[in-house]
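Let me begin by presenting the structure, written as C-alpha cells, before commenting on it.
The values are calculated or read from the model by the stated rules, or taken from the named source; none is laboratory data. Predicted, not measured: the structure shown is a model, and the values here were computed from it. Glycine gets a Cβ as well: all are built from the backbone with ideal geometry, and neighbour counts include every protein chain shown. Side chains included, ligands, DNA and RNA excluded: accessible areas come from the protein's heavy atoms. Shrake-Rupley method; radii C 1.70, N 1.55, O 1.52, S 1.80 Å.
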Amino acid sequence: MFNFDFVKPSSIADAVAAMAQTGAQALSGGQTLTPTMKQRLASPSVLVSLTGIAEMKGVCLGADGLSIGGATTHATVAAEAGAYYPALADLAANIGDPMVRNRGTIGGSVANNDPAACYPSAVLASGATVVTNKRKIAADDYFVGMFSTALDEGEFITGVTFPVPEKAAYVKFNQPASRFALTGVFVAKYASGVRVAVTGASNNGVFRWAEAEAALSANFSASAVEGLTVSAADLITDLHGTAAYRANLVKVLTKRAVAGAK
Amino acid sequence: MPKDTGIGASSKRREDVRFLSGKGLYTQDIALAGQTYAVMVRSNVAHGKIKSINTAKAAAMPGVLAVFTGEDFKDVGGNPAGWLINSRDGTPMREPKRPVLAHGKVRHVGDAYAAIVAESYNQAKDAAQQLADDTDIEELPAIIDMKAAVANADNRVHDEIPDNVCFDWGWIEDNRAAVDAAFKSAPHVTTLELVNNRLVPNAMEPRASIGEYNTGTGDYKLTTTSQNPHLTRLLVAAFVLGIPENKLTVVAPDVGGGFGSKIYHYGEEAVVLAAAKKLGRPVRWIAERSESFLSDAHGRDHVTKIEMASTKDGEILAIRTETLANVGAYLSNFSTATPTFLHGTLMAGPYKVPHVYVNVKTVFTNTAPVDAYRGAGRPEATFSIERVVDKMCRELGLDAFEVRRKNLLTPDQFPYTTPVGLVYDTGNYQATLDKAIELGDVAGFESRRAASAAKGKLRGMGLSTWIEACGIAPSHLVGVLGARVGLFDAATVRVNATGNISVMTGAHSHGQGHETVFAQIVADKLGVDESSIEIVHGDTSKIPFGMGSYGSRSLAVCGSAMTKAVDKIIAKGKKIAAHMLEASEGDIVFEAGKFSVAGTDKAKTFGEIAFSAYVPHNYPLETLEPGLEETAFYDPANFTYPAGAYICEVEVDPETGKVDIASFTCADDFGNVMNPMIVEGQVHGGVGQGIGQALLENTVYDENGQILTASFMDYAMPRADDVPFYTVDHSCATPCTHNPLGAKGCGEAGAIGSPPAVVNAVIDALHRGGHTHVAHIDMPVSPARVWAAING
Ligand SMILES: Cc1cc2nc3c(=O)[nH]c(=O)nc-3n(C[C@H](O)[C@H](O)[C@H](O)COP(=O)(O)OP(=O)(O)OC[C@H]3O[C@@H](n4cnc5c(N)ncnc54)[C@H](O)[C@@H]3O)c2cc1C
C-alpha cells in the first residue's frame, strides 16, 4: 500500500470540499478499495471516508419509496429494510460474509458497479433513483457498463431511493469461489409492470431482460418465461461458466424469482 | 466406558487454549530488535530469459539495505530432489539445478529472481517494483500443457532436457508383458481418461521465514514455517548454503497448517539466512497470500488413462495405467516420489488383482513446482481405481457394492504381497464396507431418492473402498526405491527431578494435536497424570534428529520412538527400584505408576524413583548412571495400511448443475486409536479437503502460463456450508502388526478416500435421473461442468 492522507468529514458539504482535492477518492466500507490499495493497484493521495456522515446513513420510508443512505451498510439494510422491501433485505443479507456486510455499503457497491455485484440488479429492477451530492440519476441512465457508471469525477452517492414493489425476489447463483453472483436475477412487480434485471452474466454489466419483462407483465408466473430464450451472445465466459451456462441460469433464476416473489 | 485419560481417551486438545485465545506464536508474531524486511521480486511471465537486471536504482532507494539476484547465489548448491527415480530404460531422472533465486531464466509466474532487504516492508516493496522495472526479461513461449510439453522438443523448460520429461517410470517393468497379456485375453476392458486436478495447499498461515546471524559466534538461526525442522536444516545448511549443521538452529514455532506444502525447503529460507549474515541483522520474509498461490508447491496435477480388465461378472483381472504427472518448473524435494512410490505402489487398491502395471512420465512445465499434498500420490491412485471400478460396474450392469465385496482382500489373506511391491500386514475390508453400509443406511436410499425427486433434485450414492500406505517409511525399503534420506523418527523422554516430564519429539505439530496425544501416551505408559507432561517440538536445538510430520507418520513412527524411549525409562527405573527396595531387578514390576517387588507390598512411586535418579544418595552409582532421560530412534519395519469404506450421497439440481453433499459416511480402520476425538477431527478435515477437490478447487493456468486462480476470488475453497455433518466410525480396527502402538495413521485418509466417493455419487445421480450418456466428469465437478455434461 502507498501512503495517503485520510479525512473523515461529518457532513456532505465537508465531503464535497474534501473530494475536490487532487487525488481524492471516496472510501466507504473499504471492502473493495482497501484490497485494491494493498495490491498497489490504486494509489489515492487522499481518502475521504464517507462513513462518518450521519445524513448518509439509515433506511427510511418516504413518499418516493424506500430511501437508503449511501453509507448504510449491508448489515443495516438486511436488518432494517425487511419490513418494507423484503427482497432488498434478503439481497443484502446474502452479500459476502458478516465482516463484509458490517463494513460494505450500498453507495460503495453501486458506485463500484462490479458486473457480479448484487445491488445493481436491485437498483435497476426497482427503477430506483441514485442520489448524489449533485443530482438524481434514474437507474436506467446510471449503469453504463462493467465497472462504469454515470457518476462524474468527484461525485459521490449520498443515497438510493427504491420505489417499493408489490412483490419482488432476488435469486443469486453463487460463483463458487467468490460467492458474488455467477448470475443473479432481480424480479420486481409494480402496478406499472414487471422489471427484470440480471447481474453477473453480461460483458456489459447489469442489464434488463426485456422479453421476460413483457411476458411477466402480461402473466406473472414462472411458466410465462418458459418459452423464452436468452441469447448468449454478450454473456460472460470465464473459469466458472460459459456464456451458454449463464444464459441457462438467467432463465432458471428468473423462474425461481417469480415463483418466490413476495 | 470411554476412558477419560490416557490412551483411548478423547482428551481435549491442550494446544487449542493458546490457538483459540490468540496466544499462539507464529513466525510472523516474532519481532526482533533491528529486524529488516525482505521482499521477493517475482517473475510475471511464465518463461523468459533474464537479459539484464540493473540493481543500481533499487539499491539507492530510501531504506534499502541489500539487493540480491540469482548471480549472488550461483555458486551455492541447488535445492535437491529427495528421491532418485530411474526411467524404465534404467537411466536416472533428469535433475536440473534448482537455484535459490532464478538465474539466467525464469521458469514460472512467481519464480523469484531477486530479493530486496530494507528497513521497512513498504520500502522493500517500492524497491522491488523499481527492480522489476529495471529488469529486462525476454519472454519465451510458455510450456503449460503436459502433452504439448512432451511432444515439443524445441521449447524447453530446462535447456538441457529436450522433451521436458524428468523420467519415464514403469512399475513394475518386468511385469508389463504379463499385464498386457492379461488384457489381451480379458472378457471385458473398461477404459477411463481422467484428470486429477491441480490444487493449491492454502494452509491458513502463509509461509514465513526469519534469518538471524550472530556475528560473535558465527551461529545462524532460521525461524520458519516448516513441518520438519531437521530436514529443513539438512537441506538449507548442508546442501544449499554449505553451513555446518551445528552452526544452524532451525525453529518451526506454531505453524498454521502445512498439508505437505511446508515439508519442503524453499529458496526464501536461504535468502534470509544469507542476508542476515551480510547485514548482521535479522531479516524477515512473510509471504503474502498471493505469493502462496504463486510459489508454494502445488498438489496433484495428473492426467491418467486407466484400464481395468475384468470378467463379465466383475472380477478384476488386471489394471494398467498411463499417467502424465506435472512436476512444474523445478523438482521440489518429494516431487519425484509422489507420483511414483506413493502412487504406483498403491495401484492394486484393496483388491486381490493379480496383474498391475503403472507407467508415469513426469513432465516439466512453466508452472509452480508440484509436490506432496495431503495424501500425496495415494489420492491420485485411489481416484483412478475407484472411478474405473465404478465405470466397470456401470458398463456391465453390476452392483457397485457387490463388485467391491467380490474383489476385496479377505482377512485370511494377510500378510498380502501386492503385484506392485507392498506387503499389506493386516486389514478387514469387508468389515469396514459392512459398517459403512449400515451407518450410511444404504437400505433406506430409495426413499431418500424419492424425497429428493419430489423436490426436483437427482439423488445419487457413491462408494469408495480405499487403502493407503503411510507411517512413512521403512528406510531400508525406501532406500532401495531411491530415497536419499532415512525416514525414521526420534524422541527423547526427560523425566525431571520432581517427576514431571519433558518429551522432545522429531515430529512437528502444525495443527494435528501432538501435544495432547503424545502426552496421553506417555502418561498412560508411565501411570502419571497427562498434565505432568510437556511436549517439545520444532526446535533443532532442543529435539533429537527426527524427520518431521507428513505422510501420516507422526504417531506410527515418532509415537513408536517415544514408546521405545518410555520403555527404556521403565527399564532403568526398575534398576533404581531394585536397588532402593533391595530386591533383584527381575522381581520388580511396574504398574500404574509404581515400581513394586512382585508379591509384596514393597513399592516406590514413579516420583520417588525420578527423585532418586537426580539426588542419587541411595543409588547404584557403580553400575548405573544417574539421571532419567532416554532417547530412542525408530525405523518402521513396513508401511502401515489404513483402509476404509466411504459412502457419499449427493443431490444434484439438474437445472443449474449444482451438487450438494447430502451425507458422507466414513468407516475407517486406523488400527488402535489414541484419541477418538482427534481422529474424528482429522477425518473431518481430510474429507473436507477431498470434497474441496471433488467439487470446488482447481488451479488454472492459461496458455501463457498466467495463473487465473491466484486468489480466493477464483480459487474455490470448501466452506462450512459446502460440507455435511459427517458420520465417522473407526470401530473396525485391525491393529498394525509391526509397531508398538498398533497404530496406522489417520491424517490423510479423508483426503484419499473421499474424492471418488463424491464423483461416483454425482455420476450415479445423473444416471438415475436418466442422463445415462454421462460416463465421467472431471474434478472439480462444478455446477457448470455438471450442467454441460447433462446437456452435452
Ligand atoms: C469477501 C467479499 C465478498 C463479497 N461478496 C459480495 C457479494 O456477494 N455481492 C456483492 O454485491 N458484493 C460483494 N462484495 C463487495 C461488497 O459488497 C463491497 O462492500 C462493495 O463492493 C463495495 O462497498 P464498500 O462500501 O466496501 O466500498 P469501498 O470499497 O469503500 O469503495 C468501492 C469503490 O466505490 C467508491 N465509493 C465508495 N463509496 C462511494 C460513494 N458513496 N459514492 C461514490 N463512490 C463511492 C470508492 O472510491 C471505490 O472506488 C464482497 C466483498 C468481499 C470483500
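Can you tell me how many residues within the stretch B:401-431 are among the β-branched types (Val, Ile, Thr) and within 24 Å of the chain's Cα centre (by Cα)? Within the stretch B:401-431, residues that are among the β-branched types (Val, Ile, Thr) and within 24 Å of the chain's Cα centre (by Cα) number 4. Considering the stretch A:1-18, the residues that are in a loop (DSSP other than H, G, I, E, B) and open to solvent by 50 Å² or more (accessible area, probe 1.4 Å) include one that is farthest from the ligand (Cβ to nearest atom), namely A:Asn3.
Taking the criterion of being surrounded by fewer than 19 Cβ atoms within 10 Å (Cβ to Cβ) and of a type in the set (Phe, Trp, Tyr), the only residue of the stretch B:536-580 that qualifies is B:Phe545. A:Phe173 fulfils the conditions (1) hydrophobic (A, V, I, L, M, F, W, C); (2) within 16 Å of the ligand (Cβ to nearest atom); (3) under 28 Å from A:Met56 (Cα atoms) except for a single criterion, (3). Among the residues in the stretch B:87-106, are any out of contact with any strand residue (DSSP E or B) (no Cβ under 9 Å at 6 or more places or on another chain), among the charged types (D, E, K, R) and in the same structural domain as B:Tyr37 (by TED's automatic domain parsing)? Yes. Of all residues in the stretch B:666-703, which are over 20 Å from B:Tyr641 (Cα atoms), touching a strand residue (DSSP E or B) at 6+ places or on another chain (Cβ under 9 Å) and not in a helix (DSSP H, G or I)? Correct list: B:Glu697, B:Asn698, B:Thr699, B:Val700, B:Tyr701. Looking at B:Tyr641, B:Tyr701, B:Tyr634, just one residue is surrounded by 24 or more Cβ atoms within 10 Å (Cβ to Cβ) and touching a residue at least 40 places away in the same chain (Cβ under 8 Å), and that residue is B:Tyr641. In the stretch A:209-219, the residue that is least open to solvent (accessible area, probe 1.4 Å) out of those that are without any contact (Cβ under 8 Å) to a residue 40 or more places away in the chain and more than 19 Å from A:Arg246 (Cα to Cα) is A:Ala215. Within the option set B:Gly460, B:Gly511, being at positive phi and not in a helix (DSSP H, G or I) holds for one residue only, B:Gly511. Checked against the criterion of being away from chain B (no Cβ under 14 Å), exposed (fewer than 14 other Cβ atoms within 10 Å of the Cβ) and part of a helix (DSSP H, G or I), the stretch A:19-26 contains not a single residue that satisfies it.
Okay, residues lined up against (1) farther than 25 Å from B:Leu481 by Cβ; (2) under 27 Å from the mean Cα position of the chain (by Cα):
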site	(1), (2)
B:Ile161	no, no
B:Asp168	no, yes
B:Ile172	no, yes
B:Arg176	no, no
B:Asp180	no, no
B:Ala186	yes, no
B:Leu194	yes, yes
B:Ile210	yes, yes
B:Gly218	yes, no
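Collect the residues in the stretch B:219-235 that are open to solvent by less than 20 Å² (accessible area, probe 1.4 Å) and either within 16 Å of B:Gly538 (Cβ to Cβ) or assigned to a loop (DSSP other than H, G, I, E, B) (or both), keeping them in residue-number order.
If the condition is that a residue be open to solvent by less than 20 Å² (accessible area, probe 1.4 Å) and either within 16 Å of B:Gly538 (Cβ to Cβ) or assigned to a loop (DSSP other than H, G, I, E, B) (or both), then B:Leu222, B:Thr223, B:Thr224, B:Thr225, B:Ser226, B:Gln227, B:Asn228, B:Pro229, B:His230, B:Leu231, B:Thr232 are the ones that fit.
In this structure, B:Leu708 does not satisfy being closer than 30 Å to B:Asn44 by Cα, within 22 Å of the chain's Cα centre (by Cα) and either within 14 Å of chain A (Cβ to nearest Cβ) or open to solvent by 10 Å² or more (accessible area, probe 1.4 Å) (or both). If you go through the stretch B:712-746 and keep only what is of a type in the set (Asp, Glu) and open to solvent by 40 Å² or more (accessible area, probe 1.4 Å), you end up with B:Asp714, B:Asp721. Filtered by the rule that a residue be within 14 Å of chain A (Cβ to nearest Cβ) and open to solvent by 10 Å² or more (accessible area, probe 1.4 Å), the stretch B:288-313 gives B:Glu288, B:Arg289, B:Ser290, B:Glu291, B:Leu294. Here the condition is being in contact with a Gly (Cβ under 9 Å, 6 or more places away or on another chain), open to solvent by less than 10 Å² (accessible area, probe 1.4 Å) and not assigned by TED's automatic domain parsing to the domain that holds B:Thr232; of B:Gly506, B:Gly511, it holds for B:Gly506 alone. Among the residues of the stretch B:392-427, just one is without any contact (Cβ under 8 Å) to a residue 24 or more places away in the chain and assigned to a helix (DSSP H, G or I), namely B:Asp412.
For the stretch A:241-254, the candidate set comprises residues that are within 19 Å of A:Cys118 (Cα to Cα) and open to solvent by 30 Å² or more (accessible area, probe 1.4 Å); within that set, the residue that is farthest from the other protein chains (Cβ to nearest Cβ) is A:Lys251. Annotation: of all residues in the stretch B:754-792 being of a type in the set (S, T, N, Q) and free of Cβ contacts under 8 Å to residues at least 60 places away in the same chain, the one that is farthest from the other protein chains (Cβ to nearest Cβ) is B:Thr772. Scanning the stretch B:581-624 for residues that are in contact with a strand residue (DSSP E or B) (Cβ under 9 Å, 6 or more places away or on another chain), open to solvent by 60 Å² or more (accessible area, probe 1.4 Å) and assigned to a helix (DSSP H, G or I) yields a count of 3.
Would you be able to say whether some residue in the stretch B:74-83 is β-branched (Val, Ile, Thr) and surrounded by 20 or more Cβ atoms within 10 Å (Cβ to Cβ)?
No: the stretch B:74-83 contains no residue that is β-branched (Val, Ile, Thr) and surrounded by 20 or more Cβ atoms within 10 Å (Cβ to Cβ).
When the stretch A:230-240 is filtered for residues that are without any contact (Cβ under 8 Å) to a residue 24 or more places away in the chain and either open to solvent by less than 70 Å² (accessible area, probe 1.4 Å) or within 14 Å of another protein chain (Cβ to nearest Cβ) (or both), the ones remaining, listed by number, are A:Val230, A:Ala232, A:Thr237, A:Asp238, A:Leu239. When restricted to residues that are open to solvent by less than 50 Å² (accessible area, probe 1.4 Å) and farther than 22 Å from B:Thr340 by Cβ, the stretch B:154-167 contains 1. When A:Ala83 is tested against (1) open to solvent by 30 Å² or more (accessible area, probe 1.4 Å); (2) of a type outside the set (Asp, Glu); (3) more than 26 Å from A:Ala125 (Cβ to Cβ), exactly one condition is not met: (3).
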